[in-house]
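The values are calculated or read from the model by the stated rules, or taken from the named source; none is laboratory data. Nothing here was measured: the structure is a model prediction, and the numbers come from that model. Glycine also receives a Cβ, built like all others from the backbone with ideal geometry; neighbour counts cover every protein chain displayed. Side chains are part of the model used for accessible areas, which takes the heavy atoms of the whole protein and leaves out ligands, DNA and RNA. Shrake-Rupley method; radii C 1.70, N 1.55, O 1.52, S 1.80 Å.
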Amino acid sequence: MNNLKNLRGTVDLLPDQLIKWQNVEKIILEQLSRSSIKEIRTPILEMTELFIRGIGEETDVVSKEMYTFMDRGKRSCTLRPEGTASVARALIQNGISSNTLQKLWYMGPMFRYERPQAGRQRQFHQLGVEFIGYESVRSDVEIITLAWDILGKLGIKELNLEINTLGDINDRLNFQKSFIKWLEINKNSLDLDSQRRINKNPLRILDSKNSQTKKVLENAPKLFDFLSDKSHKRYTDLKKQLEFLKIPFVENFNLVRGLDYYTHTAFEFTSGNLGSQSTVCGGGRYDNLIKQMGGPNTQAIGFAIGLERLILISGKELAVPRNTDIYIINQGLIAESLAMDLSRKLRNYDLLVELDLSGDSFSKQFKKANKLKSKSIIVIGDNEAANNEFTIRLFDKESFGNKEEVISLENDIKLENWLNNNLLLR
RNA sequence: GCGGGCGUCGCCAAGUGGUUAAGGCAGCGGCUUGUGGCGCCGCUAUUCGGGGGUUCGAAUCCCCUCGCUCGCCCCA
């Protein structure tokens with residue numbers, strides 16, 4: 001036994017598990033590509049300041065969950081806890097203009113120092129999509145639809161979409177003012193967590209799960225009542241358009257995203273199959289972030305999907321590995337060289353070809369081919385090598401004892417015919 | 001960061017103070033070194049997450065620690 005272990009909240013993904021990851025990622029990437037969204041890659045490591053300014057100093061993520069350290073040049077560095085701030089930074093730095101329109105996605109690891117739980121790790125992965133420079137409510141609709149469609153392509157059932165609006169900055173500040181006043185008066189009826197948040201992050205109190213607090217909040221001022229006519233209309237339009245597209249949603253006036261940069265539309269997809277970490281996708285509009293970070297006034301909206309959670313609720317049909325098409329059984333000096341060469345030729349047909357490298361007895365190699373459930377086998381031994389040929393046959397259960405075919409190593413036409421008739425059809 | 005449950009081979013698991021730590025699956029070898037699926041035989045934990053203590057004796061009791069898990073918090 002040695003004591004070298006992975007860090008808490010991190011995991012090794014082994015080949016068997018990665019089948020599902022790869023399939024899920026493939027479906028996602030195809031849908032993104034069809035939606036004309038471009039990839040962006042930003043560093044995993046950023047200066048700490050970026051997240052403090054981008055996400056908000058008082059948020060839990062920044063105040064107690066970041067992996068922050070000094071590098072050898074005495075710079076404070078942080079492993080990114082989310083992707084939006086980095087994307088905003090990269091765009092500003094690379095000269096975004098105020099009328100730039102960009103649809104971007106990114107996928108990769110994020111880091112947050114939290115207590116691990118099902119669907120929550122310290123190193124986790126997100127797919128993020130950001131629509132930069134888009135202001136109209138139609139962009140809100142498109143991005144929600146995109147998330148819906150990705151989740152749909154993955155065959156995820158029992159999804160709930162919740163939406164809310166936070167209004168613009170002014171709406172939010174006006175509300176916050178009277179909400180805080182109300183909170184102070186009713187402070188003693190609130191749970192301790194909520195009391196603590198009054199001055200730190202009052203909006204989050206709306207999202208409290210404490211049943212008594214929930215009840216008390218029923219009489220609190222509503223953000224919705226503080227919306228300007230314009231904000232209100234925007235929200236109504238959003239709902240209309242989602243209804244037109246037949247995307248089912250539920251309004252949740254208590255839905256508040258945890259990061260400071262959100263405005264107007266906020267949305268969240270949850271699944272009942274995830275236990276307490278039920279959010280698979282969360283997103284919203286952040287019209288002030290880019291300006292606040294020193295860029296031009298640029299509206300934007302985005303979402304992030306938690307890949308670990310997504311994998312948990314994706315169907316197990318996505319975890320099925322690709323079968324071996326041809327297992328090459330080979331033994332003998334010349335035969336082994338011929339087999340190596342043949343394996344390369346066969347892979348050009350997009351077949352999954354496994355070349356046995358063991359040099360074991362034929363019967364052992366057959367057993368291995370059987371264990372792998374290879375669809376077919378090729379045999380090359382001394383006899384075949386002497387005649388510059390190989391034998392091939394189907395190997396599945398139904399065709400047990402299927403008759404072999406002998407094909408010359410030079411006769412590509414015969415090989416191709418065999419492949420077309422047996423492996424490549426349909 | 002707070003509270004509950006758990007931790008015996010790669011996986012599932014018996015064992016709750018007395019000595020060889022069951023069994024199943026998987027793996028490996030053999031019967032069967034040029035043809036697989038079945039069957040049979042054999043092998044695979046000096047050790048019970050780690051450390052300390054109690055005891056003549058501990059996987060079994062106590063303490064600490066690590067990890068997993070569920071809930072809170074937070075979020076994806």
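Select, from A:Glu58, A:Glu39, A:Glu49, A:Glu65, the only residue that is within 25 Å of A:Leu154 (Cβ to Cβ) and assigned by TED's automatic domain parsing to the domain that holds A:Ile156. From the options A:Glu58, A:Glu39, A:Glu49, A:Glu65, the qualifying one is A:Glu39. Out of A:Leu190, A:Leu183, one residue alone is within 16 Å of RNA strand B (Cβ to nearest atom) and touching a helix residue (DSSP H, G or I) at 6+ places or on another chain (Cβ under 6 Å). It is A:Leu190. Checking A:Glu30, A:Glu25 one by one, the residue that is within 16 Å of RNA strand B (Cβ to nearest atom) and either over 13 Å from A:Pro81 (Cα atoms) or surrounded by fewer than 16 Cβ atoms within 10 Å (Cβ to Cβ) (or both) is A:Glu25 and no other. None of A:Thr78, A:Thr59, A:Thr100 is under 30 Å from A:Arg197 (Cα atoms), over 19 Å from the mean Cα position of the chain (by Cα) and more than 13 Å from RNA strand B (Cβ to nearest atom) except A:Thr78.
Look at the range A:56-75: where a residue is more than 20 Å from A:Tyr262 (Cα to Cα) and in contact (Cβ under 8 Å) with a residue 24 or more places away in the chain, no partner that is near RNA strand B (Cβ under 10 Å from one of its atoms) and of a type in the set (Asp, Glu) sits 6+ places away or on another chain with Cβ atoms under 7 Å. Screening A:Arg34, A:Arg89 for residues that are of a type in the set (Lys, Arg) and in contact with a Gly (Cβ under 8 Å, 6 or more places away or on another chain) leaves exactly one candidate, A:Arg89.
Of all residues in the range A:361-384, those satisfying the criterion of being part of a loop (DSSP other than H, G, I, E, B) and more than 6 Å from RNA strand B (Cβ to nearest atom) are A:Leu372, A:Lys373, A:Ser374, A:Lys375. Any residue at all in the range A:314-324 that is near RNA strand B (Cβ under 9 Å from one of its atoms), open to solvent by less than 30 Å² (accessible area, probe 1.4 Å) and either at pLDDT below 85 or under 27 Å from the mean Cα position of the chain (by Cα) (or both)? No.
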